[in-house]
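A.B. asks: Below is a structure I'd like to ask you about.
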Amino acid sequence: MNLDYRNYSVEDFSRDESFRAWVFNTDNKNKLFWTNWLAQNPDCAEKINLSKAFLLTLHEHDIALDEDELGAITQKIIRENKAEKAVKILIWSNKAFRVAASIALISIIGFFGVKYYNQKQELASLEKLTDNLSINYIETENSENIPKEISLADGSVIMLYPKSKIRYPKQFPTQVREVYLVGQAFFDIAKNPKQPFWVYTNYISTQVLGTSFMVKAFDNEKDIKVEVRTGKVSVYSRKDIEKAKLQKNNALMGIILTPNQAIEYSVADARLLKSISKHPEILRSETLPNFVFDEAPIADVFKALEKAYGIQIIYDEKTMEKCYLTASLSDESLYEKLNLICKITRSSYEIIDAQVVIHSDGC
């Protein structure tokens, strides 16, 4: 089999004897070939799935429409789904096969037609940012129930979560490393200051030099989140980057995140909000932090928390100068520590711009 299947259309696949034998599971040799071919050409998975769905649905229907009914159905599909490319497979010389195909197409066009139309719009938008992800790329989707590890050529590792997909070049260019994410992934990026790493999503873009962080950007969710584990990242809205590239302006205005900081983009408000991670972790250090306090001045307590978590705590030193703490806070999370401290000192706190602000009338 030396055919150029990469250039096949849905119609071509549907007519190919080898492909049909694989779909209907009639030949183990064909099964092995197509399984290997799909593994080597993951970017063709959507086209393969559409072709399979078309053939399987077609196999279950009888031929029962005349020419007028067929024409009416075809026009309806075009009007409602705007999927002219998919409808082209109806135009075949064999009338019986064409009519049956129209019935099969009605069953799958609602999902696949709109999906391909949206993907085309998505690609057009992505091309405004970069040319590196529109050709010669690999796209991996995680359809399992557990995260999937992906190792990139530069030494970076991506943990792709279920129901997520990521696109990246087969070979990164020398100037920049760029990937496109739909869903959720944890990134552990190999350091290379001369080759910055960009993660694009539908609404925000994240730039890093070498760090580990989480991005959560599902299409059906109202908010998109970025959380930093180590290092530092800059987060930008897609609109700001597209505008800067259009104007050839290199002075981008982003929001910087450091460990235990997070950012949330509200799709409804088109607004970036900086905060603290939902589950802050103690930063790596040569010595373990000590959270056992015995009549410790509150200033020493807050310094210990700032050093351990890398989070700034703002308070009025004069107002709280007579506040002391006796407690063991080793096993509690950052938020539990803050709740206990505020309860003992009769104060309160809020998170503003990824900082902890303490409100107190004194002790």
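A.B. asks: Pairs Lys148/Lys216; Lys165/Lys225; Lys170/Lys216: which are spaced more than 20 Å apart, C-alpha to C-alpha?
C.D. replies: Working: Lys148/Lys216 15 Å; Lys165/Lys225 16 Å; Lys170/Lys216 23 Å.
Beyond 20 Å between Cα atoms: Lys170/Lys216.
A.B. asks: Per-residue counts of other Cβ atoms within 10 Å, averaged by peptide: what ranking do you get for 289-298, 256-265, highest first?
C.D. replies: 256-265, 289-298
A.B. asks: Take each of the peptides 346-353, 132-139, average the number of other beta-carbon atoms within 10 Å over its residues, and list them starting from the highest. All intermediate terms of the calculation are to be shown ahead of the outcome.
C.D. replies: Details: 346-353: 13.6, 132-139: 15.4.
In decreasing order of mean packing, 346-353, 132-139 become 132-139, 346-353.
A.B. asks: Here's something else I'd like to know. Give me Asp4, Asp131 sorted ascending by neighbouring Cβ count inside 10 Å, so fewest comes first.
C.D. replies: Arranged by neighbour count, lowest to highest, Asp4, Asp131 become Asp4, Asp131.
A.B. asks: Take the alpha carbon atoms of region 126-161, find their center, do the same for region 288-311, and report the distance between the two centers in whole angstrom.
C.D. replies: 40 Å
Every number here is computed from the coordinates shown, using simple stated rules; none is lab data. Since the structure is predicted, the reported quantities are computational estimates derived from the model, not experimental observations. Cβ atoms come from the backbone with ideal geometry, glycine included; neighbour counts cover every protein chain shown.
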